[in-house]
1. Nearest 500 deg cm²/dmol is fine: what mean residue ellipticity at 222 nm does the chain get from its DSSP H runs of n ≥ 4 alone, each adding -39,500 (n - 2.57), divided by its residue count?
2. Taking +1 at the Cβ of each Lys and Arg and -1 at the Cβ of each Asp and Glu, which of ASN6, TYR94, PHE61 sits farthest along the dipole of the chain towards its positive end, judged by Cα position relative to the Cα centre?
3. Cross-link partners among aspartates and glutamates for LYS45, C-alpha distance below 19 Å, same-chain residues fewer than 8 apart left out?
4. Treat the count of other C-beta atoms within 10 Å as a stand-in for reagent exposure and order ARG62, ARG49 from fewest to most.
5. Report which label in (1) -1.00, -1.12, -1.59; (2) -0.82, -0.93, -1.43; (3) -0.85, -0.92, -1.22 holds the value of log10 I(q)/I(0) by the Debye sum over Cα atoms at q = 0.18, 0.19, 0.23 Å⁻¹ derived from the coordinates of this structure.
6. Note down the nm distance, to one decimal, between modelled labels 7 Å out along Cα→Cβ at LYS48 and at SER78.
7. Which residues does a label at TYR23 reach in region 42-81, if reach means a backbone N under 18 Å from a point 7 Å past the Cα toward the Cβ?
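Derivation of every value follows stated rules applied to the coordinates shown; laboratory data play no part. Treat the numbers as computed from the prediction; the structure is a model and nothing was measured. Cβ sites come from the backbone with ideal geometry, for glycine too, and all protein chains shown count toward neighbours.
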Amino acid sequence: MAEISNALAGQYEIWTGIVKYVYEKCPVATDEWSYSKFGWNYRVKDRKRVIIYLMPCDGFFRASFVLGQAAYEEVLKSKLPQSIKDTINAASVYAEGRGFRIDVHEKRYLAL
């Protein structure tokens with residue numbers, strides 16, 4: 001993980017905080033690195049369903065999600081910033097749910 005820490009610079013703490021939070025909410029989750037057409041990504045999954053994809057970039061990272069209908073409805077009721085809700089609303093809808101990405105540059109995402 002030293003390479004990730006170096007690539008993300010000050011954002012590595014956010015990355016690890018998000019992963020820790022996912023494991024607190026879903027202790028039976030597993031994780032793995034995978035390579036796709038978008039590059040390397042780190043997946044945390046609950047059984048076969050991926051909870052979150054984290055993609056390292058230069059100085060920041062992207063968090064990707066696919067929300068089913070029930071999760072989508074809960075997010076709309078949440079305290080997330082309207083800008084994130086707008087991103088989710090604009091996301092394409094697939095059989096698995098709404099797929100979207102958020103570029104993570106700031107620690108404030110951990111407080112949500």
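1. Numbers: 4 runs with 38 residues, N = 112.
One gets -10000 deg cm²/dmol as the mean residue ellipticity at 222 nm.
2. Checking the options against the dipole of the chain, the answer is TYR94.
3. Reachable aspartates and glutamates: GLU24, ASP31, GLU32, GLU96.
4. Numbers: ARG62 16, ARG49 11.
Lowest count first: ARG49, ARG62.
5. Calculated log10 I(q)/I(0) by the Debye sum over Cα atoms at q = 0.18, 0.19, 0.23 Å⁻¹: the matching label is (1).
6. 2.5
7. 42-47, 50-55
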